[in-house]
1. By DSSP, what percent of the beta bridges with both residues in the chain are antiparallel, rounded to the nearest 5?
2. Excluding LYS235 itself, what net charge comes from residues whose Cβ is under 10 Å from its Cβ, given Lys and Arg +1 and Asp and Glu -1?
3. Give the angle, between 0 and 90 degrees and rounded to the nearest 10, that separates the Cα long axis of helix 246-256 from the longest principal axis of the Cα atoms of the chain.
4. With angles folded into 0 to 90 degrees, how steeply does helix 61-84 sit against the dominant principal axis of the chain? Use alpha carbons for both and round to 10.
5. So what's the gap between the Cα centers of the stretch 357-392 and the stretch 414-434, to the nearest angstrom?
6. For the stretch 226-308, just list the percent of Cα-Cα distances falling in each 5 Å bin from zero outward, please.
7. Just to confirm a number: summing +1 for Lys and Arg and -1 for Asp and Glu over residues other than ASP378 whose beta-carbon lies under 12 angstrom from that of ASP378, what do you get?
8. At what distance in angstrom do the alpha carbon centres of the stretch 79-120 and the stretch 148-177 lie from each other?
Amino acid sequence: MTFIRTNYLKGFSVLFISLLAACNSDDKNTTSNSSNQKLIDETILSLQNLSLNLVWQENQCDSVYSKVINDANIAEKSALELRAKLNDTNNLSMFLDQQIIPKLTQLTDESTTLRARCNAPDYDGTGVSIERPAMLREMLSEWQGTINLLIHQVNNPPNMNPEIKLASLTNTNITEATSAKSKFKDCSDSFCPEMTVIPSGSFLMGGNIEEQEQQNVPAQSRPYELPQHAVIVEKPFAMSTYETTIAEFQAFQKETGWEVQGCRNWESRDGVFNMWYRDDLNPTNAGMNQTPQDPVVCVRREDGRAFAEWLSKKTGQTYRLPTEVEWEYAARAGTSTAFYWGDDLNLDQACKYANVLDPTTVSALPQTSSWNLFNCTDGYAYTSPVGKFLPNNFGLYDMTANAREWVDDCWHSNYENAPVNNRIWGEENNGQCNFPVLRGGAWIYNTYNARTAYRNAYVTSQARSIMWGFRLVREI
């Protein structure tokens, strides 16, 4: 009996110590979780304070951006303190590393640049300048939408490491020897875009004074296209035959959980017809009649990059946004005229080739009646399903209108020292990499902005609009 009692007491002691250790462990976990939640709440509060100050005030550029920079730094400090308490495999850790912290750094960089520009002797806030007050206003609104989405996601972040299943591959063998203009798809799934092989070659990139005069291009934007310069595309590549569609982008969002919230819309506020940010719009609901086969809009450059990365994983091929050189080379398709269908001096041929600003658009948006319209009717007030018009000489559709298209380069305000091949133009030569570049026109753009040479940028990485989409390049 003594032996049994002794062993019973020993066993009870071990059990008690184990329970005590477990309780202590639970207490530590509870304390840790409580501490983490406190840091999460502080991060959310700092982001909310930042959001409240992402509002434009006329003639107060310096003070507005100074406040944004200060609040962004405070929010980033809170996010970094939270990150330091989490392990590397935690989903919230990855969300902080890949979204919140980089976004706050980006916002600080953009605001610092724009504050300096507001105070620069050569600051131009007039006409079609890309840094005019209306653009600065929308920059802040777009960032407010982005920050509000991050706030919403902090307590329940999206899966930062979603499972990407391999597509149904066609195993099509595409090489540099494949014939130019050949069409192919890397997978048979509906989200896989048809690609067109673009041959190597050379061309003159940019506009020229004669064309700009002939097409009445505004003086402020003329330098963006100059000087015209020779470029060599050294090897073939493939480009999407059509602009990326809503259906294709939705497939990407469904598998990855990728979210985009808000975009600029054309509407009147306080009697001013302009692009105004609306938080209720997104790529699925752009606030206008669209079909799943219309080009996806309300997307940023980073959304196009994310889609390309996803498609690369799905197919095992390398997809990306085109460089500016690749885009213009593919759009021109061997032509040197203002539009890829000719100079169109009477502006009456565009509707065969593109969804442009025409009387159909004016009927839906009468405020555009005084703009520079094409003298033809394309039948679409807003975007059209892709591929409804004639292609260019390479077999690409909608290259100059329907939706504008993001490219991968950093913004340079002219072509001085531009690349002479099809490499990406980065931060060298004072490149502004936070300011994404758009090429081509859109369904609501003035005639001179549907020219192949037309280019500009927007002064925020978060720019998104009911006019802007993208198509991809696939490397060969």
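Laboratory data are not the source of any read-out in this text; all were calculated from the coordinates shown. Since this is a predicted model, take the numbers as computed values, not measurements. Please note: Cβ atoms are built from the backbone with ideal geometry, for glycine as well, and neighbour counts cover all protein chains shown.
1. Around 90 percent of the beta bridges assigned by DSSP in the chain are antiparallel ones.
2. Net charge around LYS235: -3.
3. Roughly 20 degrees between the two axes.
4. Its long axis makes an angle of about 40 degrees.
5. Centre-to-centre distance over Cα atoms comes out at 33 Å.
6. 3, 12, 19, 18, 14, 11, 10, 10, 3, 1, 0
7. -1
8. Here the two parts' Cα centres lie 22 Å apart.
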